[in-house]
Amino acid sequence: MQQHALFDDVTLITPTAAMSPAVHGGRAKCLQRLIRLDLPVPTTVALSFDAIRGIARGRMPDVPAILSHFGPAPLLSVRPSSQDPDWGGPGAILNIGMNDERHALMRPRIGEAAATGLYLRFIQSYAVHVARLDPEPFHLPDVADAAALARMLEAYEDEADETFPQATGVQLAGVLRSMARAWEGTSARLLRQAKGAPADAGLGLVVQAMALGVGPDESGSGVIQFVEPVAGEPQITGRYLSQSQGREALAAGARAMYLTRDDRGASLQDLCPDAFAELVRMGGLIRTRLREEMQIEFTMEAERLFILDAVRVQRSNRAAVRIAVALAEDGAIPPEEAVMRIAPSALSELLHRQVDPAARRDLVVSGIAASPGAASGRIVFGSAEAQASASRGEDCILVRRETTPEDIRGMTAAKAVVTLRGGVTSHAAVIGRGLGVPCVVGASDLVIDRKRRQIVAPDGRRFAEGEIVTVDGTRGEVLAGEPPMLEAAIGGAVETLLGWADRFRDIGVRANADTPRDAQTARNFAAEGIGLCRTEHMFFDGDRIGLMREMIFAEDGDDRRAVLDRLLPLQRDDFARLFDIMAGQPVCIRLFDPPLHEFLPGDTAGLRELAEGLALPLAEVTRRVEALAEYNPMLGMRGVRLGVTVPEIYEMQARAIFEATVEASRSGAPVVPEIMIPLVSAMREVELVKGRIDAVAAAVKAETGRDFTYRLGVMVETPRACLRAGDIAAHAAFLSFGTNDLTQMTYGLSRDDAGRFMSAYVAQGVYEEDPFHLLDTEGVGELVQIGAERGRRGRPDITLSICGEHGGSRRAIEFCRDRGFDYVSCSPFRVPAARLAAAQLAIAAQRATSG
Ligand code: PEP
Ligand code: MG
């Protein structure tokens, strides 16, 4: 990348010099800002990325010209200036210019020990970092005297086969060359790429006159910042150390001074009250004018204060939100800038407990990070055990090969879930995210030893039932034992930030919520309604599973209807509670979707229980369960296919929805329910179901004497539904793209089995990412696009949305926003991050158009 002709390779930093972070790096630009504020920054020269690239290839810039800015016999420091300070760079080198002559001149001025100390330190860092000599002979001696200096110079000569360079120009050239080469090294490149730097990221360097920090009167150095880094609360923190340089004060432990007055020991405020007050004034100025919380490196040279450098305060995610909001509240940045500064993923982390980043991690196994947050508990292998454990008040971790709808109660009772199979849209993952339960899926290297009731880790370690493990669903790891945790944080600054985000956002955000508990979470996170209520989860509760099984075993429609009549009040109550919690916001209820076989027991004990309950012979029950099994249940008798062939289920659900609507509308504003038909692939399916639902609506209106309206829509999750969206739209008020099934069917890739080879596929670049995790905007996206266009052509005012698991991701939100969709719907815990990402996209688009 060549720099712009406007910029020079070597630039004296002045208020008006042409300088850019993309050419000279963030540190150089920051120093220019400090200089513009008239702060006492020592003379500084910036070397551009191009200059440093040239040096690495052997093209040295005009070193005497660089030195000419610093007057005769200067002492200099060189520090890295990468484009983004987080990308790092080689460590600073101080005191360049120290030599025999300078040492002799300084001795009377700052004292023998201080002058010798400076020289010793420079020889040491030059030997190790520039000449790349073995560090062993260059340890700093306890006493900095002439003998120690002679030994150090001799050691240099022995190791380097030449005398220690005395010319400042030679020393500076050596430092510049070593830093330029270090940046080009493989390990440095890998390290910064891991932090998000592009492969061709450049390094700039700043050469600065030293403010000494050692010598007569009060001299020293320190570091100050005005917020603490964990919660981001205002607080002056840092240290000061007399007779020191650079960041030594931070490393000095108890020898360093506090900054503000402190009962525990001496402080800079007491020692030099005027300088301290000045420092605080400058800090305030830097914060407002640089529009950021900065950590400031300062030096006192004979009681004169110098500002050497300022870097962004390192901060936790929690602190980042608090800092951005405080800056906006103080008017230093506009609210939209605060919104832009927080990564949506950082916000997600705050909503869950996390393993303390400083904790030691004893890894048992890695899998797919399926539901964020962390929890510790005792290992259990079944849902019944999980419930028993919860009823004893013991935290447990449910470990299963995979989960099925039957496990829902066990999952609710467990603190976290681990499955050996499955990907990010498998049952465990979807339910885990919905419940806010941390979850790791696809941990295929783990073995469950059923006989011994143990799990076996890939390294051979065994963990028995009852032993404590920790699930880190954010990182996709299971850890041994119970590392320390950081608690979740919402409220305060997070809410303020999200309130601002909502002002800028131009696409709706709803939640996928199946239960009153989910709905409450959705409300708490300010979702604008429920975009997907998967009703089948309601049938696993309490006695309902028994009734479901009776319904499945019913001989004919009349028998089935009789059982469904007993389920009706329960469903009505479910919906009434959802309407009540959502208080007038839209609630989109998806009719029954899964294959009926999922409701039947999978083991002999369960079959026997069922036989007893139905008063049927075990053989007969077994035969009928087997008859219901399908080779490809996800492509079989499910969704609208059940609605067409076993219409009584949808009729019962429609009646429950309408009766709940009447009930809820009595006490509050009229409810307009949304009913969604799953797995549609042909217009006629919608026509048939719509006819029956309309009939139920008419019946309920007649029976209750109350009028109501409802909106019927279609879940577009088969490729054919996308292609035929034009005529489907004739019968649908809305289309909601179910990208989980649509991804499954577009790729021909099982949602539940793809985890087995997904990592190999991603590692070999077949897929950019797991398409169940990251929306495939090319293939699946093209189908969604076709569906949206044809749907709109069929019905111009049709409402469009997405409700697959992708709905909360930035990429899916961007995709939908660009195509003018009305809303996205995602699991409740992803709603805050989705609100933020949506706002960021709107702000970025607005900035792009306003230039
Ligand atoms: C989908 O298929 O995208 C969807 C949201 O439905 P489910 O995950 O319940 O199949
Ligand atoms: Mg689906």
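The values are calculated or read from the model by the stated rules, or taken from the named source; none is laboratory data. Just so it is clear, the model here is predicted, and its values are computed rather than measured. Note that we place each Cβ from the backbone using ideal geometry, even for glycine, and neighbour counts take in every protein chain shown.
Of note:
- The residue that is farthest from ligand 1 (Cβ to nearest atom), among those in segment 585-606 that are part of a loop (DSSP other than H, G, I, E, B) and of a type in the set (D, E, K, R), is Asp603.
- The set of residues in segment 224-267 being on the phi > 0 side of the Ramachandran plot and either part of a loop (DSSP other than H, G, I, E, B) or at pLDDT below 85 (or both) consists of Gly232, Gln243, Gly246, Gly253.
- Taking segment 214-271 as the range and being among the charged types (D, E, K, R) and in contact (Cβ under 8 Å) with a residue 12 or more places away in the chain as the test, the residues that pass are Asp217, Glu218, Glu228, Glu233, Arg239, Arg247, Glu248, Arg255.
- Pair list, Cβ under 7 Å, 6 or more apart: segment 707-720 residue in the same structural domain as Pro673 (by TED's automatic domain parsing) and at positive phi, other residue of a type in the set (Lys, Arg) and part of a loop (DSSP other than H, G, I, E, B): none
- Enumeration of residues in segment 162-187 that are surrounded by fewer than 18 Cβ atoms within 10 Å (Cβ to Cβ) and under 23 Å from Val10 (Cβ atoms): Ala167, Gly169, Val170, Gly174, Arg177, Arg181, Glu184
- Of the criteria (1) surrounded by fewer than 18 Cβ atoms within 10 Å (Cβ to Cβ); (2) under 27 Å from the mean Cα position of the chain (by Cα); (3) under 18 Å from Leu742 (Cβ atoms), which one Glu789 fails: (2)
- Qualifying positions in segment 496-513 - farther than 20 Å from Arg817 by Cα and surrounded by fewer than 24 Cβ atoms within 10 Å (Cβ to Cβ): Thr496
- Residues of segment 18-60 that are in a loop (DSSP other than H, G, I, E, B) and in contact (Cβ under 8 Å) with a residue 12 or more places away in the chain: Ala18, Met19, Ser20, Gly25, Leu37, Leu39, Pro40, Val41, Pro42, Thr43, Ser48, Met60.
- Scanning segment 514-531 for residues that are buried (at least 19 other Cβ atoms within 10 Å of the Cβ) and either within 16 Å of ligand 1 (Cβ to nearest atom) or part of a helix (DSSP H, G or I) (or both) yields a count of 11.
Here is a yes/no grid of residues against (1) in a loop (DSSP other than H, G, I, E, B); (2) at pLDDT below 95; (3) of a type in the set (A, V, I, L, M, F, W, C); (4) surrounded by 15 or more Cβ atoms within 10 Å (Cβ to Cβ):
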site	(1), (2), (3), (4)
Arg666	no, yes, no, no
Val671	yes, yes, yes, yes
Met676	no, no, yes, yes
Asp694	no, no, no, no
Leu712	no, no, yes, yes
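- Close pairs from segment 688-700: first within 14 Å of Thr661 (Cβ to Cβ) and in the same structural domain as Ala654 (by TED's automatic domain parsing), partner crowded, with 16+ Cβ neighbours inside 10 Å and of a type in the set (Asp, Glu), Cβ under 7 Å, at least 6 apart: Val696/Glu651; Val700/Glu659
- Every condition in (1) among the acidic types (Asp, Glu); (2) under 42 Å from the mean Cα position of the chain (by Cα); (3) more than 28 Å from Pro796 (Cβ to Cβ) holds for Glu648 except the one numbered (2).
- Test: Pro64 is more than 30 Å from Pro198 (Cα to Cα), part of a helix (DSSP H, G or I) and not β-branched (Val, Ile, Thr): yes
- Filtered residue count, segment 607-620, keeping only those that are part of a helix (DSSP H, G or I), among the aliphatic types (A, V, I, L, M) and free of Cβ contacts under 8 Å to residues at least 40 places away in the same chain: 4
- Every pair of residues 6+ apart whose Cβ atoms lie under 9 Å, when the first sits in segment 579-595 and is of a type in the set (D, E, K, R) while the second is away from ligand 1 (no atom under 16 Å from the Cβ) and part of a loop (DSSP other than H, G, I, E, B): Asp580/Gly668
- Scanning segment 714-732 for residues that are surrounded by 18 or more Cβ atoms within 10 Å (Cβ to Cβ) and either over 35 Å from the mean Cα position of the chain (by Cα) or away from ligand 1 (no atom under 13 Å from the Cβ) (or both) returns Arg724, Ala725, Ile728, Ala729, His731, Ala732.
- Residue match in segment 430-451 (condition: closer than 26 Å to Gly738 by Cβ, touching a strand residue (DSSP E or B) at 6+ places or on another chain (Cβ under 6 Å) and within 16 Å of ligand 2 (Cβ to nearest atom)): yes
- Subset of segment 735-755 that is part of a helix (DSSP H, G or I) and within 15 Å of Ala429 (Cβ to Cβ) - its residue that is farthest from ligand 1 (Cβ to nearest atom): Gly755
- Check on Thr425, more than 16 Å from ligand 2 (Cβ to nearest atom), under 30 Å from Leu774 (Cβ atoms), buried (at least 24 other Cβ atoms within 10 Å of the Cβ) and hydroxyl-bearing (Ser, Thr, Tyr): no
- Considering (1) surrounded by 19 or more Cβ atoms within 10 Å (Cβ to Cβ); (2) closer than 29 Å to Asp356 by Cβ; (3) over 29 Å from the mean Cα position of the chain (by Cα); (4) at pLDDT 90 or above, the lone condition that Arg287 does not fulfil carries the number (3).
- Test: residue in segment 536-555 that is within 26 Å of Ser801 (Cα to Cα), out of contact with any strand residue (DSSP E or B) (no Cβ under 7 Å at 6 or more places or on another chain), more than 16 Å from ligand 1 (Cβ to nearest atom) and assigned to a helix (DSSP H, G or I): no
- Exactly one residue out of Gly382, Gly393 is surrounded by fewer than 20 Cβ atoms within 10 Å (Cβ to Cβ), at positive phi and in the same structural domain as Pro438 (by TED's automatic domain parsing), and it is Gly393.
- Among the residues of segment 788-808, those identified as within 13 Å of ligand 1 (Cβ to nearest atom) and either part of a loop (DSSP other than H, G, I, E, B) or not charged (D, E, K, R) (or both) are Ser801, Ile802, Cys803, Gly804, His806, Gly807, Gly808.
- Put simply, of Val311, Val214 the only residue that is touching a helix residue (DSSP H, G or I) at 6+ places or on another chain (Cβ under 9 Å), not in a strand (DSSP E or B) and not assigned by TED's automatic domain parsing to the domain that holds Val41 is Val214.
- Counting the residues of segment 415-449 that are away from ligand 1 (no atom under 12 Å from the Cβ) and hydroxyl-bearing (Ser, Thr, Tyr) gives 2.
- Of the residues screened, Ser750 is not one that is within 16 Å of ligand 2 (Cβ to nearest atom), in contact with a strand residue (DSSP E or B) (Cβ under 8 Å, 6 or more places away or on another chain) and among the polar types (S, T, N, Q).
- Tally, over segment 390-405, of residues that are touching a helix residue (DSSP H, G or I) at 6+ places or on another chain (Cβ under 7 Å), of a type outside the set (Lys, Arg) and under 18 Å from Arg450 (Cβ atoms): 5
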